[in-house]
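As structure tokens, the structure follows; a few thoughts come after it.
Laboratory data are not the source of any read-out in this text; all were calculated from the coordinates shown. Since the structure is predicted, the reported quantities are computational estimates derived from the model, not experimental observations. We place every Cβ from the backbone using ideal geometry, glycine too, and count neighbours over all the protein chains shown.
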Amino acid sequence: MASSVSLEYLQSIQGAANGLATLDSTGAVPLSQLPPAIISPFKGEFADETSLETAFPVGTIAEYAYVDATNSFWYWNAGLTSTDTPDAPAWVNQEITDTDYLALSATAQAMVPYIIIP
């Protein structure tokens, strides 16, 4: 009897919030069962860059967040690298000064889809 109670319980929590995720026909968890933060490109509002990088040390293309300290949006960019960690993908500020832009290599400059401010 214990196994049928356990089976009934497991069946009752399949696909439910705080329950067990199911798999679709391809073996993946359906998007409807994933939390919004995982599937939304907007990662939230953060006090500063460090808070953003702590919460999301890695990202994927098109992900973005708002950083209060810079009053701007930051985007995940796998092509443009951070000055702190050369040759590694990074969160980058959408706004970049002329000085910072000119300090980038020609290849990095070509990857800057951001607003350049004086």
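Worth a mention:
- Cβ-based exposure ranking for SER6, SER51, in which fewest neighbours within 10 Å come first: SER6, SER51
- Protection proxy ranking, peptides 39-49, 25-35, average beta carbon neighbours within 10 Å, highest first: 39-49, 25-35
- Segment THR99-ALA47, extension gain: residue separation times 0.36 nm, minus the distance between their alpha carbons: 16.3 nm
- Modelled FRET efficiency - R0 25 Å, ALA28 with THR54, Cβ distances, 0.05 increments: 0.30
- Each of VAL67, VAL58 has some number of other Cβ atoms within 10 Å of its Cβ, and from fewest to most they run VAL58, VAL67.
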